[in-house]
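Each remark here refers to the structure printed beneath this line.
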Amino acid sequence: MSMGMGPMRGAGVPVQKSKDLRGTTRRLFGRLGPERYKLGLALFLGVASVVLMVSGPQILGNATNVLFDGIVGKQLPAGVSKAQAIQLLRLHGHDQLASMISGMNVVPGVGVDIAGMGRVLGLAALVYIGGAAFNYLQGFTMAGLTQRVMFQMRRDVESKMSRLPLRYFDSHPHGDVLSRVTNDIDNLTTTIQQGLSQLITSILTIVGVMGMMFWISPLLALVSVITIPLALVVTMLIAKRSQSHFASQWKRTGTLNGLVEETHTGHELVQVFGRSDATVAEFSRQNKALYLASFKAQFLSGIIQPSMQFISNINYVTIAVLGGYRVASGLLSLGAVTAFIQYSRQFTMPITQIASQMNMLQSGVASAERVFEFLDASEEEPDVELPASIIVPDGGAGSVKLENVHFRYEPNEPLIEDFSLVVAPGETVAIVGPTGAGKTTIVNLLVRFYEIDSGRILLDGVDYRDLTRDQVRSAFGMVLQDTWMFSGSIRDNIRYGRPDATDDEVVAAAEAAHVDSFVRTLPDGYATILDEDASNLSSGQKQLLTIARAFLADQSILILDEATSNVDTRTEVLIQEAMSRLREGRTSFVIAHRLSTIRNADTIIVMDLGRIVEQGGHEELMRSKGAYYSLYNSQFTGATV
Amino acid sequence: MVLVRLLQEYLRRYARQIAILVVLLVAQTVGNLYLPNLNADIINKGVVVGNLHYILRTGEWMLVLTLLIALCAVVAIYWASRVAMGAGADIREAVFTRVQGFSARDMNTFGTASLITRNTNDIQQIQLFLQMALTMMVIAPIMCFGGIVMALHEGAQLSTLLLVAVPVMGVFIGVVMVKVVPQFRSMQTKIDRINEVLREQITGVRVIRAFVRNEFEAERFAAANSDLTETALSVNRVFALMLPMMMAILNLSSVAVIWFGGRLVSEGSMPIGNLTAFLTYILQILLSVMMAVMVAILLPRAAASAERVMEVLDTTPVISDVPSPVAPSELSGQVRFEDVSFEYPGSERAIVEGLTFTLEPGATSAIIGGTGSGKTTLLNLIPRFFDATEGHVFVNNVDVRDQAREVLWSSLGIVPQAAYLFNGTVASNLRFGRADATDEELWRALEIAQASDFVLAMPGGLDARIDQGGTNVSGGQRQRLSIARSLVKQPSVYLFDDCFSALDAATDARLRAALKTGTGNSSVVIVAQRVSTIMHADQIIVLDNGGIVGMGTHAELLTRCDPYREIVVSQLGEDAAR
């Protein structure tokens, strides 16, 4: 739980080191720029609150003094002056008492000035209430400031995402991107929200308390101040050592969780392959290692608090003894000592906290750095400023022409070299090849997920580069193997490609894709909410929905991935029918797995190892007895099992 | 409460350490309570009467006491960490071991993901709670109680102040918590929502761009973002009240102590030194209330975690070995189903019904049928992942229920639908079922599985690293390694559950040709979607709706089994069905 446990939280977080602490910190403060007045206000409120809180004990000390004066005064005979009383005491050999009274505001014979004490206490109460109020206002201001800055930051990250080229997503593990835009942002929010304002308060409190202590009694203050570096050094030393144990605790937790995850996921394999005992033994070994690491981490971080208390107690004793001496010698008032004791108590807490706040800040800066790295990634080239309009020639839309296209993912790994292809409206192009042959590369270029290196691609006679990406993509409908759905209703998912479609049109598309009857069996029908990854649907059902989606979008060119692994035969028949109906009258590029599609295609592109190895019609390619010939035949032969 | 039961059980072996811990904590707390008392003495008997010697002597004594307190605290933390982390490790191990004995049914009832969370996060929650509880939960009551006793001792009349301050503090913290905790929870779901939208934007980047829906996604995100910001703002603003209010209560209590105490002192019914001591006590009492609240915050979470952990520990696996298992006399590899049915308890319809067939050693049998026709269920009955609700399943001529599962499993080689590899090397994965297999045997298996080429190309060959789940190799490679793994084991029965799906047709064909030589006299069962994969099997079993609708060779079935013919036509075209 992240509530108000800032100091505790800091200790357990693995410290990530940032590469450029200063630069990132400066940039982070740059982002606070628009909020600088609020930040100034928060700082002012913080100072005000600390000043008030810190002067509280001093005022209470004054109240004690009034009290003490009264008590001592009452014991002295009335009617004599203070000087006479002191002389009288010395005469009777009470030298000690005499010198103490000489430093006090005593009127002999007069008791406690209750009204005076009341006034002082009233002031103390006001000061405390004021301090708390300022403190609250500071927190209130900081909350608004942080949330606004983080809102902006999240928005920037999201809009950045839409400007990144696909290459970025393909070359960075999704988990890493995701962790930057989620975990790191979360961590940063907590850091700014809790760490920053607490750190400010801690530092201000230390400065304020120290100021007060010196004001009351430089000698006692000096004694207390000596304990500060001591406390800091002890905290730092322990924190440093416990930090490394925490790191190892996190690492071991990670590996152990990995083992648990893998064993539970492969549960049946572990059992059938007779590995249960060996796995338990391995778990036991790792568990023991984790136990040792976490025990050390907990112990070391745990002794910070008692060590601080020890130092604080030494301080307390010193003040009590030294203070007692000085009061007895009349050099200091009793109230001052009381106040001093309170100050010394207030002193150790912020020091202990600073260590963990620094840790927290460090990990926050590391997160900020990762987020900034993301924000700095190079973006897609901007679209042309004055895009051409596509004038559909007679004979229908949907012609695609590739002229001498060159493309490489890596500059020194040739992939597509001098590739040309003319596809008339309504024609079918089949792309075939073994798994991993790079069939998606063609798709990437056609819908302009990647930019070609040289040559040109024409859509209905217009060069891609004279069009915006959105214009190009609006011409294509896609049914990919990756049946992505967003978390929302089935209806909205089908409508994804054409948001203004009516409910009837949605149903018609679903019917065409043979998915209507299935949707109607669901309790909420078209309003059924798909959860993340649409895990409440089978992969076949998802595929049918993506076909319905493409139906509704009704674009002139189609890109279809026929792969239907893990789909049962009946659903497969449905998918197949739906796909061929979808192809009717549209230009289509099919990543083909079915003989019927391949044979009837106008052009077949055969790919292997990322490159196009053959291109032509079915008969033509069969005659040349090349890669296509053997690929085609392997579907019938060789099956001897 | 379940948490109590769990802790009782797992703290028992630490009883002695806990006893030491409690003694130390009591000593520490008493020491801390006694310190202000000594300070009062310094003022009353030293300062007021000007006795320097007394001040010095008491000071020395205070110093010694401080040292003792620190020692007690450090040793107490040592034991607290030992016990908390030790008990956590014990529970973790108990849960893990328990899950190892689970049957597939038990795994399904919990769900793999949930079991992982229970075995990791939930136990961490309990551990965290224990660490806090073992120190604060002991200290807080002693400090509170001791503080009250000492306060009464220093000034009985003044102590009535506590009757006001403590409830005010408690009520205030309670109110804030009641208000804030649900909001924190709703904030968490809103963070999850934002992360969900972002995750979708990353995984769905192709679809989003292909359909030109960037703006729509941006709007969806903006809505989630504003929603989160609003909640976070209100939570943090309420929460900002917490610390200042508590400080105010503490400080105003001090003011009140001096006001009322001052009057008592001036009337002569209380020595002035006691006032200073009283101030410290009231501070400590209120601090202990705060501490108790902190533990109380962690309590519901730990209790929920304990319940989830206990559920696992309380589960008896639904499938276990019979008391005196029968060992098969011969490992022929024969598998026989006699009128076997299976249904989930309480379900209306059986998943498979009335299955009778025999899989002969040395022969390849194939099972084909649509989703939900019961193919995988049929396979799962052989290794006893599930038990047939009616009829008998025989492996090596002995009913599977009469065999020890370890013995049964040792004669089975399973290749599941979703190929799964374990963290380690290629070799360690291949040796999974037979640790003493030689490198030659591994290579032979790889060759049969059509995997030797890419393993050779991997850096390190057999010693190449495999990540958890096998995510660093392609789906097809994973399937082939998983096939090789079962070949290395040399079982008498092979169960291939639709594990050729990620292979292209050519590799699939080569693999099946080689497999024939690799499996020898074992019986082989293949479940497949693709007709081309199974059409040359010795025996094809066609399943539909949980029942057998056809059994025979490809040629036989083509002529007399319509459902089979339909499948063939749909996949290979009309020509192939002729």
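Tabulated data
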| item | result |
| --- | --- |
| Residue B:190 vs. criteria more than 7 Å from chain A (Cβ to nearest Cβ), in contact with a Ser or Thr (Cβ under 6 Å, 6 or more places away or on another chain) and either on the phi < 0 side of the Ramachandran plot or at pLDDT below 80 (or both) | yes |
| Positions within segment B:251-271 being touching a residue at least 40 places away in the same chain (Cβ under 8 Å), at the interface with chain A (Cβ under 9 Å from one of its Cβ atoms) and surrounded by fewer than 18 Cβ atoms within 10 Å (Cβ to Cβ), in sequence order | B:256 |
| Segment B:320-337, subset surrounded by fewer than 16 Cβ atoms within 10 Å (Cβ to Cβ), in contact (Cβ under 8 Å) with a residue 24 or more places away in the chain and out of contact with any helix residue (DSSP H, G or I) (no Cβ under 9 Å at 6 or more places or on another chain), residue nearest to residue B:498 (Cα to Cα) | B:330 |
| Which listed residue is crowded, with 16+ Cβ neighbours inside 10 Å, touching a residue at least 12 places away in the same chain (Cβ under 8 Å), more than 9 Å from chain A (Cβ to nearest Cβ) and over 30 Å from residue A:113 (Cβ atoms), from B:177, B:245, B:169 | B:169 |
| Residues within segment A:264-306 that are more than 7 Å from chain B (Cβ to nearest Cβ) and under 30 Å from residue A:337 (Cβ atoms), tallied | 2 |
| Residues within segment B:385-400 that are part of a helix (DSSP H, G or I) and surrounded by fewer than 18 Cβ atoms within 10 Å (Cβ to Cβ), tallied | 0 |
| Residue list for segment A:138-172, filter: without any contact (Cβ under 8 Å) to a residue 60 or more places away in the chain and more than 10 Å from every other protein chain (Cβ to nearest Cβ) | A:171 |
| Criterion (at the interface with another protein chain (Cβ under 7 Å from one of its Cβ atoms), touching a strand residue (DSSP E or B) at 6+ places or on another chain (Cβ under 8 Å) and surrounded by fewer than 21 Cβ atoms within 10 Å (Cβ to Cβ)) met by exactly one of B:237, B:206, B:199 | B:206 |
| Any chance residue B:173 is in a helix (DSSP H, G or I), on the phi < 0 side of the Ramachandran plot and in the same structural domain as residue B:220 (by TED's automatic domain parsing) | yes |
| Flag if residue A:61 is crowded, with 19+ Cβ neighbours inside 10 Å, at pLDDT 80 or above and closer than 28 Å to residue A:212 by Cα | yes |
| Hits in segment B:55-76 - residues which are more than 9 Å from chain A (Cβ to nearest Cβ) and more than 27 Å from residue A:305 (Cα to Cα) | B:57 |
| First in segment B:205-217 and in contact (Cβ under 8 Å) with a residue 40 or more places away in the chain, second anywhere and assigned to a helix (DSSP H, G or I) and of a type in the set (A, V, I, L, M), Cβ under 6 Å, 6 or more apart | none |
| Candidate set from segment A:313-325 (those that are in contact (Cβ under 8 Å) with a residue 12 or more places away in the chain and surrounded by fewer than 22 Cβ atoms within 10 Å (Cβ to Cβ)); member that is farthest from residue A:248 (Cα to Cα) | A:322 |
| Single residue of segment A:478-506 satisfying the filter (assigned to a strand (DSSP E or B) and closer than 13 Å to residue B:206 by Cβ) that is farthest from the other protein chains (Cβ to nearest Cβ) | A:479 |
| Of all residues in segment A:76-114 being free of Cβ contacts under 8 Å to residues at least 24 places away in the same chain and either in contact with an Asp or Glu (Cβ under 6 Å, 6 or more places away or on another chain) or away from chain B (no Cβ under 14 Å) (or both), the one that is farthest from residue A:63 (Cα to Cα) | A:91 |
| The listed residue being touching a helix residue (DSSP H, G or I) at 6+ places or on another chain (Cβ under 9 Å) and buried (at least 24 other Cβ atoms within 10 Å of the Cβ), out of B:462, B:456, B:487 | B:487 |
| Number of the condition not met by residue A:194 [criteria: (1) crowded, with 23+ Cβ neighbours inside 10 Å; (2) more than 10 Å from chain B (Cβ to nearest Cβ)] | (2) |
| Qualifying residue in segment B:77-84 (condition: at the interface with another protein chain (Cβ under 7 Å from one of its Cβ atoms), among the hydroxyl-bearing types (Ser, Thr, Tyr) and closer than 29 Å to residue B:383 by Cα) | no |
| Which numbered condition residue B:49 misses (of (1) part of a helix (DSSP H, G or I); (2) modelled with pLDDT under 90) | (1) |
| Near pairs, Cβ below 8 angstrom, 6+ apart or cross-chain, from segment B:514-534 (modelled with pLDDT of 80 or more) to any residue that is of a type in the set (Lys, Arg) | B:518/B:444; B:527/B:375 |
| Selection within segment B:88-101 - of a type outside the set (Asp, Glu), touching a residue at least 60 places away in the same chain (Cβ under 8 Å) and more than 7 Å from chain A (Cβ to nearest Cβ) | B:91, B:94, B:95, B:98, B:101 |
| Index of the failed condition, residue B:144 passing every other in (1) free of Cβ contacts under 8 Å to residues at least 60 places away in the same chain; (2) out of contact with any Phe, Trp or Tyr (no Cβ under 6 Å at 6 or more places or on another chain) | (1) |
| Complete set of residues in segment B:60-80 that are within 22 Å of residue A:332 (Cα to Cα) and buried (at least 22 other Cβ atoms within 10 Å of the Cβ) | B:62 |
| Scope segment B:294-319; condition touching a residue at least 40 places away in the same chain (Cβ under 8 Å) and not in a helix (DSSP H, G or I); matching residues | B:315, B:317, B:318, B:319 |
| Residue among B:218, B:240, B:224 that is closer than 23 Å to residue A:194 by Cα, of a type in the set (Gly, Ala, Ser) and touching an Asp or Glu at 6+ places or on another chain (Cβ under 9 Å) | B:224 |
| Residue that is touching a Lys or Arg at 6+ places or on another chain (Cβ under 8 Å), part of a helix (DSSP H, G or I) and not assigned by TED's automatic domain parsing to the domain that holds residue B:166, where the choices are B:106, B:122 | B:122 |
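Residues are listed down the side, and each one gets a yes or a no for (1) more than 10 Å from every other protein chain (Cβ to nearest Cβ); (2) under 20 Å from residue B:526 (Cβ atoms):
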{"residue": "B:401", "(1), (2)": "yes, no"}
{"residue": "B:417", "(1), (2)": "no, yes"}
{"residue": "B:421", "(1), (2)": "no, no"}
{"residue": "B:440", "(1), (2)": "yes, no"}
{"residue": "B:443", "(1), (2)": "yes, no"}
{"residue": "B:463", "(1), (2)": "yes, no"}
{"residue": "B:493", "(1), (2)": "yes, yes"}
{"residue": "B:508", "(1), (2)": "no, yes"}
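The values are calculated or read from the model by the stated rules, or taken from the named source; none is laboratory data. Quick caveat, the model's predicted, so the values are computed rather than measured. Every residue, glycine among them, receives a Cβ derived from its backbone with ideal geometry; neighbour counts consider all protein chains shown.
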